[in-house]
Amino acid sequence: MSDSNTNLNAESFSFKAETKQLLNILIHSLYKDRDVFLRELLSNASDALNRLRFEMLTNQNVLDSKAELAIRINVDKESRMITIQDSGIGMTKDEIMENLGTIAQSGARKFLEATKDNKGDFTQVIGQFGVGFYSVFMVADWVRVTSRSHALQAQAVSWYATGDDSYQISAGEMSERGTRIEIKLKEDAAEFADEYRLKNIIHRHSDYIGFPIYVGDEQQQVNKQTSIWRSSRQEITDEQYKDFYRQMTMEFEDPQTRIHVVTDAPVQLYALLFIPAKHERSMFSLRKEDGLKLYSRNILIDDYNKDLLPEYLRFVQGVVDSEDLPLNVSRETVQSSGLMPKLKKVVTGQVLKELETLAKKDADKYSSFWIEFGAYLKQGIAANQGDGESIHPLLRFKTNRQPETWSSLDDYIGRIKDDQKIIYYIIGDDPKSVLRSPHLDYFDKKGTEVLLLTDAMDSFMLMGLRNFKEHEFKNVAQAEINDNEQTKEDNEAQKIPESDFNELIERFKQTLGERVTDIRASNRLSQSIARLADAEGSANSDMQRVYKLLGKEYEIPKKILELNPAHDILKKLVEMKPDSELSALVIEQIYDSALLVEGLHPDPSSMAPRIQQIIEAALANKT
Ligand code: ADP
Ligand code: MG
């Protein structure tokens, strides 16, 4: 080993602009936690070993096919050298130039952006930008990577750089398969030329690497070598769980919940799953798609497996590893082996169970989960894939009686009168305005609890929500409610006399024409003038609402307009000349307002000119 690089046969190549900038920062900034470099190099070695192992599932025809899959580290204190060698997949000349010279470009740019806007120490997660290798320049005067590909005819190649603008490529001296990284430490990084120090770092950050890491002259294995998900829960600290999550996702926020399970029946599996803090992936998220990482006996088979969880649980992140998956099979065969549905059932069951436990144990924490991910569970109900029932206990609602807190369906049932076999709900656009809906007049007065469905997903959810524990769901906008104690005589005295009222209905019919299916008196209204009701059993308007939410063309659903015969405005209307312009304007406005509170008005601002006319008329009257 020599410090100099006077290799006459070396070709020199220039790093791309962003990589130069990245190297410049790494070399000249003062970082606290420079030991990151070791984790990054070991993670690369582990990747290379994994890839070799994967390759060998189908191709035994590789260099050194019998060699142990391992990582070896040697240290020379005197000369401040560290050597890390793996027996992984190796690189050809083209690959080494591409991997360590060219492709880091976009990752380097993102890393630079992140470091610029964010004062946080991004070196901790540098690996997630796909530029982990370069972290070695935090501690190195120079680095030489010598590699020999697993391909039988490939030649060894050597890559050398000091962190300046260029790197050198030359023929390498290496007879065995794999990659050797020689690091000449900077003077101020001499501390790392120490076995004890390196072992320590490995314990902290790389204990779970799935291949033996041997350190020092005696080549002692340092790491535990079981992956974190295969370790027993007692052995893992909160910090290690979080570290693992951070490394896997590069989310900076800690996960809300983690689920670590080991089962033997009906299938053998290890799973380490996380529910993120937010439903949106962060800008830097490493996870580019939904899906879990699927391992078979510690070998990564699929980075984004979507068959392990139903779609509505796609926000869950993590790893599933099963001994039962046949090893020497392609990804495609894994999908078609009958095992996947079994794994899915177990994994799904575990997630739902954990959520139920959380809901029972920590209502506040569950509420924050619900606010973030409730829409997904509602989608699960809508899709109605057989596990709808297991989602029911997880649903949360605001109600007219408890508008500030989240109630479960069980809470609701626990509060209703014994003979009430119906769970009432109202649909609207937002929790505040829905409370003013005329549909609630009657229920508020009677003290009946009604679920407030004001979320975009609610209309979809309703497509799969029929019953809960013998209780039928019913929209309060439905015209008839079979209610024996309906107090018909309630406000008989204050009502408009029947003949006048019939005449009024005629006027409404003339003005509104085809826009409503019927117009009639209602006993259900107290504060409100009117409401738009659905005929019993008509699901039509819910579908129109779905279309509206989807931004599709939708028709204003035709409904029954119910009028409050005791309302002052209607009494005044009766007194007005039937053919007066103002009368027609008011009728139009009553209908439009009813549409508006239903959240069905296609163009609310179109009401403004009419409202102005009505105001003018009202003011004219005052004088
Ligand atoms: P990442 O690991 O995210 O791809 P790195 O900067 O850590 O980014 O490494 C860049 C690339 O260099 C790797 O993707 C890999 O192709 C190659 N590489 C690095 N170290 C090794 C190694 N020990 N064996 C084989 N290839 C390696
Ligand atoms: Mg890496």
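Every number here is computed from the coordinates shown, using simple stated rules; none is lab data. Only a predicted model underlies this, so the values are computations on that prediction, with no experimental measurement involved. Heads up, the Cβs are rebuilt from the backbone with ideal geometry, glycines too, and the neighbour counts pull from every protein chain shown.
Some points to look at:
- Relative contact order for the chain: 9 percent, from Cα pairs under 8 Å spaced at least 6 residues apart, divided by residue count.
- Overall Cα dimensions of the range 215-270, principal axis frame, Å, largest first: 43, 35, 19
- The value obtained for the range 368-475, namely the Cα convex hull volume divided by the number of residues, is 94 Å³ per residue.
- Dipole in debye (nearest 20) - the range 95-232, about Cα centre, beta carbon charges: Lys, Arg +1; Asp, Glu -1: 520 debye
- Those lysines that a straight Cα-Cα span of less than 22 Å connects to Lys548, excepting residues fewer than 8 apart in one chain: Lys378, Lys432, Lys474, Lys558, Lys559
- CD proxy at 222 nm, helix term only [per DSSP H run n ≥ 4: -39500 (n - 2.57); per residue of the chain; nearest 500]: -11000 deg cm²/dmol
- With respect to the chain, whose longest principal axis is taken over its alpha-carbon atoms, helix 339-361 is tilted by about 60°.
- DSSP bridge analysis restricted to the chain gives an antiparallel fraction near 75%, rounded to the nearest 5.
- Full extension of the segment from Asp238 to Asp518, taken as 0.36 nm per residue of separation minus the current Cα-Cα distance, would add 94.5 nm.
- Potential lengthening between Glu323 and Arg610 on full extension [0.36 nm per residue; Cα-Cα distance subtracted]: 96.2 nm
- Dipole of the range 9-105, positive end: most advanced residue of Leu38, Gln105, Gly90 [Cβ charges, Cα centre]: Leu38
- Averaging Cα coordinates gives a centre for the range 231-283 and one for the range 130-176; these two points are 34 Å apart.
- Under a model in which nothing but the beta-carbon of Lys, Arg (+1) and Asp, Glu (-1) is charged, the range 103-160 shows a dipole of about 120 debye around its Cα centre.
- Residue (of Leu452, His567, Asn9) at the positive-pole extreme of the chain, dipole from beta-carbon charges: Asn9
- Rough spin-label spacing in nm, given labels placed 7 Å along Cα→Cβ, for Arg314 and Lys116: 3.3 nm
- Charge dipole of the chain (Cα centre as origin; +1 on each Lys and Arg Cβ, -1 on each Asp and Glu Cβ, all else neutral): 320 debye, rounded to the nearest 20.
- Largest-first principal axis extents of the Cα set of the chain (Å): 109, 58, 39
- Dipole of the range 228-364, positive end: most advanced residue of Leu294, Pro276, Met248 [Cβ charges, Cα centre]: Leu294
- Placing R0 at 41 angstrom, the Cβ-Cβ distance between Glu173 and His28 gives a FRET efficiency of 0.80 after rounding to 0.05.
- Loop sites in the range 175-256: GluC sites (Glu not before Pro), DSSP, at most 10 other Cβ within 10 Å: Glu218
- Only lysines eight or more places from Lys110 in sequence, or on another chain, were considered; those with a Cα closer than 18 Å are Lys16, Lys20, Lys119, Lys288.
- Looking at the range 248-297, the trypsin sites (Lys or Arg not before Pro) that sit in a DSSP loop and have at most 10 other Cβ atoms within 10 Å of their own Cβ are Lys288.
- Angle in degrees between helix 238-249 and the longest Cα principal axis of the chain, rounded to the nearest 10: 90 degrees
- Cα-projected label distance for Gln268 with Gln420, points at 7 Å along beta-carbon direction, nm: 5.3 nm
- Stretching the chain fully between Glu95 and Gln527 yields a gain of 147.9 nm (0.36 nm per residue, less the alpha carbon separation).
- Angle between the chain longest axis and helix 363-383 axis [Cα atoms, degrees, rounded to 10]: 80 degrees
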